[in-house]
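See structure below.
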Amino acid sequence: MDDHSLRKLIDESAAEQHARVLAESWWHSIDLGQGQVTPGVHSQEELHDNFRRFVLPDDLRGKRVLDIGCWDGFYSFESERRGAEVVAVDCWRPENFFRAKAALGSRIEFHELSVYDVTPARLGTFDIVLFLGVLYHLRHPLLALERVCELTRETAIVESHVVDNLFPTNHPIMEFYEEDELGGQFDNWWGPNRACLSRMLRASGFARTEVLRIEPARAVVKAYRQWPLEEAARPSLQIVDVANAVSMERIFPRRGRLAFLDISVNGLPTTASRDEVHVEVGGYGIRPIYVGQSKDPRRAGITQINSPVPPGLGPGWTTVSITLGNRISQKFEIELSEGPEW
């Protein structure tokens, strides 16, 4: 199939789904009990299979889950059924969500908010954040992912339209839709490929990502706030100093344009790379943006690591540590301040 035919097929599929939503009113098929199932565009079998592929625990008791862009609410209600405390958010008031909520006797808390307005101060933080079918509808996708990261304590599940089949490449790219090029909808703005989506998630503050599912025009990516646990880590690295990477002072804003760390480490091999060095600040992993030998002759043998401050940390004292394989540093204390936003 050539590119023109493939694009036409994707656009026709998106337009058909949109028409079905308008005609049938329900997007999700939800079991309301007593033999009642809502007539959704997406079947129960499909939705349960999607949830299973998120690789989340069957028992979510003790977990807080946030569902951004909940629509009719299947993923919210399924998370609650598994025992989670759930908060659902959408940019409008989906009446079907409230019909299902009443029928199920659900205790889910709902907020009518834009993704740009969801903050820890307003909603708290969450072990798991679901961000499904929202990203490509947004004019400012990286800002939205930063908001998602700030709210996430453990993992986020991000599902999106992607363009891998249209532009087969490992290079991170994103297609922009100025008007109604995708499915005839004016609220579709972006089509990233999976490489771009994964890198955007890491750039927004997640430590690492895992592609769970890839289809002709959709992808599901799981984003983690922590690095994988290393067994028997040996304390053989030493953090000599931590400074602000922008001002080189000992002032550490927790967010904004000055929220970057310059970490001086002794004991790292000269071949260590950004892909191998794991930075942890306040319990959150973060990917470094620079790893290299110090150019200062007075700091011979010292490795310089520049890293953002992970989103979601509050002001006050916290710790910085470095891991390389099974080698780990001590925890170096710094004090985070409010600082400027930009």
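Number of residues in segment 269-280 that are in contact (Cβ under 8 Å) with a residue 12 or more places away in the chain and within 25 Å of the chain's Cα centre (by Cα): the value is 7. Restricting attention to segment 75-85, report how many residues are open to solvent by 50 Å² or more (accessible area, probe 1.4 Å) and either touching a Ser or Thr at 6+ places or on another chain (Cβ under 7 Å) or of a type in the set (S, T, N, Q) (or both). Looking only at that region, the number is 1.
Only one of Thr323, Thr319 is assigned to a strand (DSSP E or B), open to solvent by 30 Å² or more (accessible area, probe 1.4 Å) and under 25 Å from Ala223 (Cβ atoms). Can you tell me which? Break it down into steps so the answer makes sense when it comes.
Details: Thr323 fails: open to solvent by 30 Å² or more (accessible area, probe 1.4 Å).
It is Thr319.
The residues listed here are Pro228, Pro172, Pro235, Pro141; of these, the one that is surrounded by fewer than 17 Cβ atoms within 10 Å (Cβ to Cβ), touching a helix residue (DSSP H, G or I) at 6+ places or on another chain (Cβ under 6 Å) and within 30 Å of Ala259 (Cβ to Cβ) is Pro172.
Are any residues in segment 313-342 touching a Lys or Arg at 6+ places or on another chain (Cβ under 8 Å) and within 10 Å of Pro235 (Cα to Cα), and if so, which ones? Passing the criteria: Asn326, Arg327, Ile328.
So, Arg208, is that one under 22 Å from Arg255 (Cβ atoms), touching a helix residue (DSSP H, G or I) at 6+ places or on another chain (Cβ under 8 Å) and open to solvent by 20 Å² or more (accessible area, probe 1.4 Å) or not? It would help to see each step written out before you state the result.
Values: under 22 Å from Arg255 (Cβ atoms): yes; touching a helix residue (DSSP H, G or I) at 6+ places or on another chain (Cβ under 8 Å): yes; open to solvent by 20 Å² or more (accessible area, probe 1.4 Å): yes.
Taking the combined requirement at face value, the residue satisfies it.
Given the criterion free of Cβ contacts under 8 Å to residues at least 24 places away in the same chain, under 25 Å from Arg202 (Cα atoms) and open to solvent by 50 Å² or more (accessible area, probe 1.4 Å), identify the matching residue among Ala88, Ala121.
Values: Ala88 fails: open to solvent by 50 Å² or more (accessible area, probe 1.4 Å).
Answer to the selection: Ala121.
Screening Pro310 on (1) open to solvent by less than 50 Å² (accessible area, probe 1.4 Å); (2) under 29 Å from Leu132 (Cα atoms); (3) part of a strand (DSSP E or B) shows it passes everything except condition (3). Note on segment 250-268: residues that are more than 13 Å from Ile334 (Cα to Cα) and open to solvent by less than 50 Å² (accessible area, probe 1.4 Å) amount to 6.
Restricting attention to segment 326-335, and to residues there that are in a strand (DSSP E or B) and not small (Gly, Ala, Ser), which single residue is surrounded by the fewest Cβ atoms within 10 Å (Cβ to Cβ)? Taking the candidates together, the pick is Glu333. Tell me, yes or no, whether segment 58-71 has at least one residue that is under 16 Å from Glu159 (Cα atoms) and open to solvent by 20 Å² or more (accessible area, probe 1.4 Å). Scanning segment 58-71, I find at least one residue that is under 16 Å from Glu159 (Cα atoms) and open to solvent by 20 Å² or more (accessible area, probe 1.4 Å), so the answer is yes. Taking each residue of segment 296-313 that is at pLDDT 80 or above and looking for partners that are open to solvent by 50 Å² or more (accessible area, probe 1.4 Å) and hydroxyl-bearing (Ser, Thr, Tyr) with beta-carbon atoms closer than 6 Å, six or more apart or interchain, yields Asn306/Tyr290. Might you check whether a residue that is crowded, with 21+ Cβ neighbours inside 10 Å, among the aromatic types (Phe, Trp, Tyr) and farther than 17 Å from Leu268 by Cβ occurs anywhere in segment 279-298? For segment 279-298, residues crowded, with 21+ Cβ neighbours inside 10 Å, among the aromatic types (Phe, Trp, Tyr) and farther than 17 Å from Leu268 by Cβ: present.
Residues of segment 188-206 being touching a strand residue (DSSP E or B) at 6+ places or on another chain (Cβ under 8 Å) and either closer than 28 Å to Leu313 by Cβ or in a helix (DSSP H, G or I) (or both), which ones? Spell out how you get there, then give the answer.
Going through segment 188-206, the residues touching a strand residue (DSSP E or B) at 6+ places or on another chain (Cβ under 8 Å) turn out to be 188-194, 196-198, 200-202, 205-206.
Selection gives Pro192, Arg194, Cys196, Leu197, Ser198, Met200, Leu201, Arg202, Gly205, Phe206.
Among residues belonging to segment 269-301 that are part of a strand (DSSP E or B) and among the hydrophobic types (A, V, I, L, M, F, W, C), point out the one that is nearest to Ala223 (Cα to Cα). If we take residues in segment 269-301 being part of a strand (DSSP E or B) and among the hydrophobic types (A, V, I, L, M, F, W, C), then Ile286 is nearest to Ala223 (Cα to Cα).
Going through segment 135-162 one residue at a time, which ones are among the aliphatic types (A, V, I, L, M) and in contact with a Pro (Cβ under 7 Å, 6 or more places away or on another chain)?
First, the residues of segment 135-162 that are among the aliphatic types (A, V, I, L, M): 135, 138, 142-145, 148, 151, 156-158, 162.
Result: Leu135, Leu151, Val162.
Taking segment 213-268 as the region of interest, how many residues are of a type in the set (A, V, I, L, M), more than 24 Å from the chain's Cα centre (by Cα) and not in a strand (DSSP E or B)? Result for segment 213-268: 7.
The values are calculated or read from the model by the stated rules, or taken from the named source; none is laboratory data. Keep in mind it's a predicted model, so treat the numbers as computed, not measured. Glycine also receives a Cβ, built like all others from the backbone with ideal geometry; neighbour counts cover every protein chain displayed. When the accessible area is computed, the model is the full protein with side chains, heavy atoms only, and any ligands, DNA or RNA have been set aside. Shrake-Rupley method; radii C 1.70, N 1.55, O 1.52, S 1.80 Å.
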